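Engineer: Have a look at this one.
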Amino acid sequence: MLALLFVAGLWAGMQNALAGGGSFVTLPALMLSGLDARAANIASTLALFPGQATTGWFGRSMVSGAQGLSFRALVAISLLGGLVGAGVLLLTPSSVFGRMVPFLVLFATSLFAWGSFGPKRAREAPRLGPRGAMAAQFGIAVYGGYFGGGIGFLMLAALTAAGLSVRPAGATKNVLAAVMNAAAVAVFVFTPHAPWPRIVALGLGAILGGWIGAQLLRRAPETLIRVFVVVLGSALTVGLFWRAYA
């Protein structure tokens, strides 16, 4: 079981680096190992954080601010939102957010696809101003601290809508994902009875996968990355709707 969790972490780390949605690999894997949904969510956040930090570190040279917001401002917004989301998770059930996830991923994937492959006129100017970018990042950070699934897609959509091209947007969202999850990890690490052997096995795979994904992000053609994001987002949307409403 630990070997399978390592492989799941490896794939999730690469997926998070390139597009996002890695927790949709780790959550089912942890639940299959015997954890309930809430415990699996917390364990997934703890396990994926080292890989996210690795990916963010190796891609740090490509990070950027957006729409008048400095990168430091985006980091502060992400940290605050992550703390709020983690606190909410420990106080309330996740059923409502669980049913919102398919709609959020559908919206993010559609927005990213339109910005990437829609009419040129739609890509000539950003559609999010500074206030919109700030509100979007804070909302994503709260959601990320609470659940985390699909935050890569949401941030890619928001950052590209705020004017970043896909490669710096990908690098920036990797660092911001690590920041918001660092806030959640600071809360979750004190959770009693955390399944640390499973977390460590998953985390080691995620570190290696994150490093591989960071290298691919630097070298892969931008159009290929865009196609990968849209295809993956579409597949995840279908699967999430099926899981939540079937």
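The values are calculated or read from the model by the stated rules, or taken from the named source; none is laboratory data. Not measured: the values here are computed from a predicted model. Please note: Cβ atoms are built from the backbone with ideal geometry, for glycine as well, and neighbour counts cover all protein chains shown.
Engineer: Would you mind listing the helices (runs of 4 or more DSSP H) fully within region 5-94 where at least 3 residues are closer than 16 Å to Ala141 by Cα?
Structural biologist: Those helices (runs of 4 or more DSSP H) span 37-58, 71-91.
Engineer: Out of Ala186, Ala182, Ala194, report the one residue that is surrounded by fewer than 22 Cβ atoms within 10 Å (Cβ to Cβ) and out of contact with any helix residue (DSSP H, G or I) (no Cβ under 7 Å at 6 or more places or on another chain).
Structural biologist: Ala186
Engineer: Take Ala171 and decide whether it is in contact (Cβ under 8 Å) with a residue 60 or more places away in the chain and surrounded by fewer than 22 Cβ atoms within 10 Å (Cβ to Cβ).
Structural biologist: no
Engineer: Same structure, new question: Can you say whether Gly148 is within 13 Å of the chain's Cα centre (by Cα), in a loop (DSSP other than H, G, I, E, B) and either closer than 15 Å to Val84 by Cα or of a type in the set (D, E, K, R) (or both), as far as the supplied structure shows?
Structural biologist: Against the criterion (within 13 Å of the chain's Cα centre (by Cα), in a loop (DSSP other than H, G, I, E, B) and either closer than 15 Å to Val84 by Cα or of a type in the set (D, E, K, R) (or both)), Gly148 qualifies.
Engineer: Still on this model: Just one of the numbered conditions (1) at pLDDT 70 or above; (2) closer than 16 Å to Gly65 by Cα is not true of Phe112; which one?
Structural biologist: (2)
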